[in-house]
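A.B. asks: The structure's right below; bear with me while I get my questions together.
The values are calculated or read from the model by the stated rules, or taken from the named source; none is laboratory data. None of the values given here were measured: they were computed from a predicted structure. Please note: Cβ atoms are built from the backbone with ideal geometry, for glycine as well, and neighbour counts cover all protein chains shown.
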């Protein structure tokens with residue numbers, strides 16, 4: 001853990017990649033967060049994925065072989081320990097961008113909300129990905145494709161007319 005740095009398969013700074021030299025700290029999650037981090041790495045950013053210590057790959061299997069995690073190393077950190085928090089705060093000090101996709105208030109409860117971290121790094125871009133936004137009646141709920149389809153009415157016409165909708169394969 002001590003020697004982990006931003007990196008991965010990203011090209012060196014000064015290359016023709018549009019995000020070369022950009023350092024991104026990704027707090028691992030599901031769906032849009034790892035996909036967005038993968039795209040940033042594909043564009044040349046150096047992305048370091050922070051995993052919760054002891055966490056199991058939410059997608060199942062060995063994450064080293066999951067395409068969504070390609071192009072960036074990961075580091076397991078106990079975010080509730082003083083050592084883990086110090087390590088994360090040091091990494092934030094060197095980062096240009098932080099992305100996270102947790103439910104509203106999670107990062108603040110850990111002491112890693114945007115106000116706390118921007119005090120350490122004024123130039124930090126703090127990006128949040130949330131299914132339902134940071135406020136409102138559904139903000140505390142997990143956002144998944146099936147929920148969006150159902151609430152938008154797009155699920156209704158899928159399947160036979162005399163039976164409940166069929167969840168789409170995605």
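A.B. asks: Residue check: is residue 78 assigned by TED's automatic domain parsing to the domain that holds residue 50, surrounded by 11 or more Cβ atoms within 10 Å (Cβ to Cβ), more than 22 Å from residue 53 (Cβ to Cβ) and within 18 Å of the chain's Cα centre (by Cα)?
C.D. replies: Spelling it out, it is not the case that residue 78 is assigned by TED's automatic domain parsing to the domain that holds residue 50, surrounded by 11 or more Cβ atoms within 10 Å (Cβ to Cβ), more than 22 Å from residue 53 (Cβ to Cβ) and within 18 Å of the chain's Cα centre (by Cα).
A.B. asks: Still on this model: Has the stretch 22-29 got any residue that is modelled with pLDDT of 95 or more and part of a loop (DSSP other than H, G, I, E, B)?
C.D. replies: yes
Yes/no per residue for (1) under 24 Å from residue 53 (Cα atoms); (2) without any contact (Cβ under 8 Å) to a residue 40 or more places away in the chain; (3) under 17 Å from the mean Cα position of the chain (by Cα):
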| residue | (1), (2), (3) |
| --- | --- |
| 92 | yes, no, yes |
| 96 | yes, no, yes |
| 113 | yes, yes, yes |
| 121 | no, yes, no |
| 126 | yes, yes, yes |
| 146 | no, yes, no |
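A.B. asks: Further question: Go through the stretch 144-170 and count every residue that is out of contact with any helix residue (DSSP H, G or I) (no Cβ under 9 Å at 6 or more places or on another chain), closer than 20 Å to residue 31 by Cα and in a loop (DSSP other than H, G, I, E, B).
C.D. replies: Number satisfying all stated conditions: 2.
A.B. asks: Considering (1) surrounded by 18 or more Cβ atoms within 10 Å (Cβ to Cβ); (2) over 24 Å from residue 19 (Cα atoms); (3) touching a helix residue (DSSP H, G or I) at 6+ places or on another chain (Cβ under 8 Å), say which one residue 84 fails and leave the rest.
C.D. replies: Failed condition: (3).
A.B. asks: Could you please let me know if residue 8 is modelled with pLDDT under 90 and outside any strand (DSSP E or B)?
C.D. replies: When the stated conditions are applied, residue 8 passes them.
A.B. asks: Could I ask something else about it? Would a scan of the stretch 141-153 turn up a residue that is closer than 30 Å to residue 20 by Cα and surrounded by 15 or more Cβ atoms within 10 Å (Cβ to Cβ)?
C.D. replies: Within the stretch 141-153, none of the residues are closer than 30 Å to residue 20 by Cα and surrounded by 15 or more Cβ atoms within 10 Å (Cβ to Cβ).
A.B. asks: Moving to a separate point now. Suppose we keep only residues that are modelled with pLDDT of 90 or more and in a helix (DSSP H, G or I) within the stretch 36-64. Which one would you say is surrounded by the fewest Cβ atoms within 10 Å (Cβ to Cβ)?
C.D. replies: Selected residue: 39.
A.B. asks: Let me ask another. Please work out if residue 108 is in contact with a strand residue (DSSP E or B) (Cβ under 6 Å, 6 or more places away or on another chain) and modelled with pLDDT of 85 or more.
C.D. replies: Here the answer is no, as residue 108 does not meet what is asked.
A.B. asks: With respect to residue 138, determine if the residue is buried (at least 18 other Cβ atoms within 10 Å of the Cβ), farther than 19 Å from residue 26 by Cβ and at pLDDT below 95.
C.D. replies: Here the answer is no, as residue 138 does not meet what is asked.
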